[in-house]
Amino acid sequence: MAGYTRTVILLAALTALFGVIGLMIGGEQGMIMALLFAGGMNLFSWWNSDKMVLRMHNAQPISQQEAPRLYDMTAQLAANAGLPMPALYVIHEEQPNAFATGRNPQNAAVAVNTGLLDMLSEEEVAGVIAHELAHIKNRDTLVMTVTASIAGAISALAQFGMMFSRSRNQQGQNPFGPIGMLLMVILAPIAAAIVQMAISRSREYEADRMGAEICGQPMALAGALQKLEYYAHQRVNQRAEANPATAHMFIINPLSGARMDNLFSTHPRTANRVAALEKLAASMGAVPGHGAWGGSSVPPIGKPPPARRGPWG
């Protein structure tokens, strides 16, 4: 219950930030309009944010006929988690990554980059999908997608406010002046990123733990995280760079670091996540290479893992 209370508070903070920007742009009327818009956007995002995010990343649905082993693996993992089968999507990006979305388990989807299927072993792919299923089971996906929608709108509203303020400055109606508006353009997206970070970080640890239990191989997920971390800095995810407000939804931060967004990373350090999974593996007595989907080797931290094609064709 504490987690849900904190989430409500953080989403309320994003909505309040929306109102403050409206106040700076158009005074009290601007604030009221911004708050009404934020409320309407919350309702719209509740039903449509998953579709919006999938479209942002040009995710394409895939069927059991197109990827039978991936589909069957996901179905088995969903059964392990006590979840209905989610819709499966593929994103044509070389950077290996994945995310889940949907307002509830009955309307959930898992999207995987082609790079994930190309570079990870079958067991490691299972660990990643189990992590995303954990987000679905914990009902994180709705909060994360709604947050992405609002955070993106805050950045767009701040940019619009900068342009709108020029005419108000000329008419002497802008009490904040050009400096105040410039600070808003800079600080509003940062504030939204901080809220995203607060929502996402603790949820990643919990999804790692539950995902490891769903697939039964904590070290397979640990190995996957290390590979994803390495390649996230080697291969640019063009769709994620164009939509940085969705970065917190991915299992590993997809941003290359060329933007300021990475200063406020929405993900905990991968080394800390791997360490937590190693402790979990020890408590479970899990042995790498003895999972349901074949072998998996965990590369040493700091060394680039070898690329390899998965069993998907």
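The values are calculated or read from the model by the stated rules, or taken from the named source; none is laboratory data. Please read these numbers as outputs of a predicted model, since none were measured by experiment. Counting neighbours? That spans all protein chains shown, and the Cβs are built from the backbone with ideal geometry, glycine included.
When segment 10-46 is filtered for residues that are over 15 Å from residue 154 (Cβ atoms), of a type in the set (A, V, I, L, M, F, W, C) and at pLDDT 70 or above, the ones remaining, listed by number, are 32, 36. Taken over segment 204-249, the criterion of being farther than 29 Å from residue 83 by Cα, surrounded by fewer than 21 Cβ atoms within 10 Å (Cβ to Cβ) and among the small types (Gly, Ala, Ser) is satisfied by 242 alone. Anything in segment 225-247 that is within 16 Å of residue 92 (Cβ to Cβ) and in a helix (DSSP H, G or I)? List them, or say none. Passing the criteria: 231, 238, 239, 240, 241, 242.
Before we move on, is residue 256 within 17 Å of the chain's Cα centre (by Cα), modelled with pLDDT under 90 and not in a loop (DSSP other than H, G, I, E, B)?
For residue 256, the condition - within 17 Å of the chain's Cα centre (by Cα), modelled with pLDDT under 90 and not in a loop (DSSP other than H, G, I, E, B) - is not met.
Scanning segment 231-250 for residues being modelled with pLDDT of 85 or more and among the β-branched types (Val, Ile, Thr) gives a total of 1. Scan segment 259-293 residue by residue and report those that are at pLDDT below 65, more than 27 Å from residue 69 (Cα to Cα) and of a type outside the set (Gly, Ala, Ser). Correct list: 259, 260, 261, 262, 263, 264.
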